[in-house]
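First comes the structure, then the notes that go with it.
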Amino acid sequence: RGGIDAAPAPRAHLTTPEVASAAQGDPAIAGLVQECQALMGGVITQADTNILVSMYLSDGMPVDMILLGVAHFAALGKRSARYIERALLGWQAEGIDTAEAAERHLALLAQREKNEAAVAGVFGLENAKFTKLEKNMIAAWFEEYGYGREMIAEALAEAGEHRTVRYVNGILRAWYTKGHRTVRDVMAESAGTMRNFQPASPAPKPVLGRGLRRVPKFEKNGGAGHDE
């Protein structure tokens, strides 16, 4: 989310004459272009202007939402109007269609970055580059399961040599399914398992070894015989 995963197919934009004509009757267009120029660090091309105005007029995207997106991506070094267009149309496709919704979305993205950094710290990784699948798993740990660093660290300890996000995800998902919400819950289950454990009794050993031995029988004349 927040990138260009939901990018639309290439499409036509308003032409320069169309933008100029529309700007005569809508002062918001001039304000949009001026603010975008300031956010993007200078005069923008006519092609970029057409793209940005097309989002406002053709896609019905609010000016403040466009400006918020331009500010966000420009701060990340993404100053291409085509890139910003693809990203914002992706947001719109996900139901993020107001400045307020965009602000909440950006706040969520910022929190996810912090969570991913926390997970990298638990795993002992520096500057970890998680895959999209791993990022989705990590997001679920915090947002769906309600887990924090302690639970993740406990799951990592449980994983032993399998120190991967995917393996730890399996452990955390199993704990969540069981209703475990804290490390105390996990420890309580482990303690209960130990109390219910009954060690197997050792098999009894025969007293006389593998079989009964013949008992020697002594006779009066001093000889010895055997009972049959």
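The values are calculated or read from the model by the stated rules, or taken from the named source; none is laboratory data. Keep in mind it's a predicted model, so treat the numbers as computed, not measured. Please note: Cβ atoms are built from the backbone with ideal geometry, for glycine as well, and neighbour counts cover all protein chains shown. Protein only, heavy atoms only, side chains kept; ligands, DNA and RNA dropped before computing areas. Shrake-Rupley method; radii C 1.70, N 1.55, O 1.52, S 1.80 Å.
For this structure, a couple of remarks:
- Scanning segment 168-200 for residues that are in contact with a helix residue (DSSP H, G or I) (Cβ under 8 Å, 6 or more places away or on another chain) and either small (Gly, Ala, Ser) or modelled with pLDDT under 85 (or both) yields a count of 1.
- Residue tally, condition over 18 Å from Trp175 (Cβ atoms), among the aliphatic types (A, V, I, L, M) and not in a loop (DSSP other than H, G, I, E, B), over segment 119-148: 2
- Selection count where residues are within 15 Å of Val63 (Cβ to Cβ) and crowded, with 17+ Cβ neighbours inside 10 Å, scope segment 102-112: 1
- Positions within segment 1-58 being modelled with pLDDT under 90 and surrounded by 14 or more Cβ atoms within 10 Å (Cβ to Cβ), in sequence order: Arg1, Gly2, Gly3, Ile4, Ala6, Ala7
- Filtered residue count, segment 170-189, keeping only those that are of a type in the set (Val, Ile, Thr), in a helix (DSSP H, G or I) and open to solvent by 40 Å² or more (accessible area, probe 1.4 Å): 1
- Ala120 being open to solvent by less than 60 Å² (accessible area, probe 1.4 Å) and modelled with pLDDT under 95: no
- Helices (runs of 4 or more DSSP H) contained in segment 1-109 and holding at least 2 residues under 34 Å from the mean Cα position of the chain (by Cα): 27-39, 46-57, 63-75, 81-93
- Residues within segment 131-152 that are surrounded by fewer than 16 Cβ atoms within 10 Å (Cβ to Cβ) and either over 13 Å from Ala117 (Cβ atoms) or at pLDDT below 95 (or both), tallied: 10
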